[in-house]
Every structure is written in structure tokens, then in C-alpha cells.
Amino acid sequence: DVKVTQSSRYLVKRTGEKVFLECVQDMDHENMFWYRQDPGLGLRLIYFSYDVKMKEKGDIPEGYSVSREKKERFSLILESASTNQTSMYLCASSPQGAGLETQYFGPGTRLLVL
Amino acid sequence: RKEVEQDPGPFNVPEGATVAFNCTYSNSASQSFFWYRQDCRKEPKLLMSVYSSGNEDGRFTAQLNRASQYISLLIRDSKLSDSATYLCVVNMVNAGNMLTFGGGTRLMVKP
């Protein structure tokens with residue numbers, strides 16, 4: 001059974017802090033994704049990675065960076081957190097393929113930036 | 001205009017009812033289509049893929065209309081446990097493994 005875990009379920013940070021969100025998957029998937037989910041806006045892709053040390057911008061990469069040093073781990077970094085980054089952050093992974101493969105999601109991290 | 005649009009609902013239906021959700025997508029070259037289910041405060045999970053010929057999984061039927069660029073999900077004999085948000089998801093052509101999510105339609109099944 002695929003398992004995607006995220007380091008925290010709930011996180012409270014202050015404006016200007018550097019924030020690390022960690023995601024680990026145990027299925028040897030090539031692809032990993034970071035989304036944020038906000039009411040009325042649905043899931044929006046921040047960054048994704050299709051291989052170790054590779055990263056691609058999604059729809060809303062501003063204010064975020066990512067790191068993929070190992071295949072199983074994909075980190076999302078908020079260099080200087082702002083209140084508009086308060087959101088639910090979801091990590092997902094999928095095997096390499098033609099787009100027909102499902103993405104498996106982690107439980108999410110609810111981030112509150114004060 | 002959003003790339004994938006859904007009526008946010010909520011759809012409030014009694015147990016046993018049949019309910020249908022529609023979703024429209026803007027990119028005519030989209031190639032793969034899915035319905036995901038998301039329970040309150042949980043992560044999205046794949047419910048079913050949507051094939052051109054339409055497909056059924058128990059009480060759930062998904063259909064695709066490429067000419068009109070819409071996808072539908074029909075739930076028959078609704079159960080209380082069907083209460084969730086249903087996300088319409090599209091894979092755009094040349095997007096590799098990237099998926100585009102609709103905002104979701106919330107379903108509440110009442111006893």
C-alpha cells in the first residue's frame with residue numbers, strides 16, 4: 001500500500017520565518033508534487049519533481065522553493081513566510097508514466113502564518 | 001476562466017437518491033480524466049478514471065463528452081458514507097504527469 005507522509009499535520013509560524021515542509025513516500029515513485037488547497041480555489045500546483053535534484057515550477061511557485069536530494073523525499077520551503085501563505089499543503093507522488101497514473105496524497109499540513 | 005470548473009454545491013440529497021455532478025474543462029486537447037474523492041479534513045483519493053466509452057464501478061458511473069468538453073459523475077442509491085467533496089481532475093496534453101484539479105463539488109447525503 002502506497003504511503004505518503006508529511007512531517008506535520010498542523011504548524012503555526014510567524015511572518016518572516018523560514019518554514020520547511022517535508023514529504024516522504026515509500027513506493028519508489030519518480031514524481032512528487034506540492035499543492036496548496038484553499039477554499040474556493042481548489043488544489044493549485046506549487047512545484048513538482050520528476051527525478052532526484054530535478055524540479056519544475058507549477059502554477060503558483062512565487063514565495064516557495066523545493067528540494068529533492070533523495071528520491072523518497074521532497075521538501076517545500078517558504079523562505080520568508082507571509083500571512084497569505086496560510087493554507088493546507090498537500091504532497092503527492094506518482095510513478096513515471098503517461099499521465100494515466102493516479103497521484104497518491106499525504107494527509108496534508110495545515111499551516112497558519114501569524 | 002478556470003481550466004476545470006465545477007459547481008461547488010453543496011448538493012444536499014436524501015439517502016437512496018441519485019445525484020449527478022458535471023465538470024467542464026477548457027483545454028480541448030486534454031487526454032486523461034479522473035474523479036477524486038476528498039473527505040472532510042482528509043487528503044484526496046482516486047475514485048475512478050473516466051474513459052471515453054464511459055465506465056461504471058458499482059453505484060458510480062462516469063462519462064466523458066469530448067465534443068462538449070464535460071465529464072459527469074452519477075451516484076445511484078446514495079449512502080451517508082458518500083458525503084464528501086468530489087474533485088474533477090484533468091491531465092492536459094503534453095503536461096506529463098501534471099494534473100489540473102477542479103474546485104470540487106460538495107455532497108451531503110442526509111438520513
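Of the residues making up the range A:74-114, those that are more than 7 Å from chain B (Cβ to nearest Cβ) and of a type in the set (Val, Ile, Thr) are A:Ile77, A:Thr83, A:Thr86, A:Thr109, A:Val113.
A count restricted to the range A:60-101 and to residues that are within 26 Å of A:Val113 (Cβ to Cβ) and of a type in the set (Lys, Arg) stands at 2. Checked against (1) touching a strand residue (DSSP E or B) at 6+ places or on another chain (Cβ under 9 Å); (2) away from chain B (no Cβ under 11 Å), A:Asp28 passes all but a single condition, namely (1). Screening B:Lys45 with (1) within 14 Å of chain A (Cβ to nearest Cβ); (2) surrounded by 18 or more Cβ atoms within 10 Å (Cβ to Cβ); (3) in a strand (DSSP E or B) gives one miss only, at (2). The residues on offer are B:Asp39, B:Asp7, B:Asp82, and the sole one that is open to solvent by less than 20 Å² (accessible area, probe 1.4 Å), within 28 Å of A:Asp38 (Cβ to Cβ) and charged (D, E, K, R) is B:Asp82. A:Lys57 passes every criterion in (1) open to solvent by 40 Å² or more (accessible area, probe 1.4 Å); (2) more than 28 Å from B:Pro8 (Cβ to Cβ); (3) at pLDDT 90 or above apart from (2). Please indicate, with yes or no, whether at least one residue in the range B:55-77 is touching a helix residue (DSSP H, G or I) at 6+ places or on another chain (Cβ under 7 Å), of a type in the set (A, V, I, L, M, F, W, C), closer than 28 Å to A:Asp59 by Cα and in contact (Cβ under 8 Å) with a residue 24 or more places away in the chain. Looking for residues that are touching a helix residue (DSSP H, G or I) at 6+ places or on another chain (Cβ under 7 Å), of a type in the set (A, V, I, L, M, F, W, C), closer than 28 Å to A:Asp59 by Cα and in contact (Cβ under 8 Å) with a residue 24 or more places away in the chain, one finds none in the range B:55-77, hence no.
Among the residues of the range A:79-114, those that are farther than 22 Å from B:Met98 by Cβ and not in a loop (DSSP other than H, G, I, E, B) comprise A:Thr83, A:Asn84, A:Arg110, A:Leu111, A:Leu112, A:Val113.
Just the residues that are outside any strand (DSSP E or B), at pLDDT below 95, surrounded by 12 or more Cβ atoms within 10 Å (Cβ to Cβ) and not charged (D, E, K, R), please, taken from the range B:53-79. Those that are outside any strand (DSSP E or B), at pLDDT below 95, surrounded by 12 or more Cβ atoms within 10 Å (Cβ to Cβ) and not charged (D, E, K, R): B:Gly54, B:Gln69. Taking the range B:13-23 as the range and being closer than 11 Å to B:Leu80 by Cα, of a type outside the set (A, V, I, L, M, F, W, C) and in a strand (DSSP E or B) as the test, only B:Pro14 passes. In the set (1) of a type in the set (Phe, Trp, Tyr); (2) surrounded by fewer than 19 Cβ atoms within 10 Å (Cβ to Cβ); (3) under 26 Å from A:Glu56 (Cα atoms), B:Phe101 fails one condition alone, (2). Scanning the range A:43-73 for residues that are part of a loop (DSSP other than H, G, I, E, B), within 14 Å of chain B (Cβ to nearest Cβ) and small (Gly, Ala, Ser) turns up just one, A:Gly58. Being closer than 30 Å to A:Gln96 by Cβ, under 14 Å from the mean Cα position of the chain (by Cα) and touching a residue at least 24 places away in the same chain (Cβ under 8 Å) holds for only one residue in B:Thr105, B:Thr24, and it is B:Thr24.
Taking the criterion of being open to solvent by less than 80 Å² (accessible area, probe 1.4 Å) and under 13 Å from A:Leu114 (Cβ atoms), the residues of the range A:2-16 that qualify are A:Leu11, A:Lys13, A:Gly16. Scanning the range A:76-98 for residues that are within 22 Å of A:Arg14 (Cβ to Cβ) and touching a Cys at 6+ places or on another chain (Cβ under 7 Å) gives no hits.
The values are calculated or read from the model by the stated rules, or taken from the named source; none is laboratory data. The model shown is predicted, which means the values in this text are computed figures rather than measured ones. Because the Cβ atoms are built from the backbone with ideal geometry, glycine has one as well, and the counts that use them run over all protein chains shown. All accessible areas refer to the heavy atoms of the entire protein, side chains included, with ligands and DNA or RNA removed. Shrake-Rupley method; radii C 1.70, N 1.55, O 1.52, S 1.80 Å.
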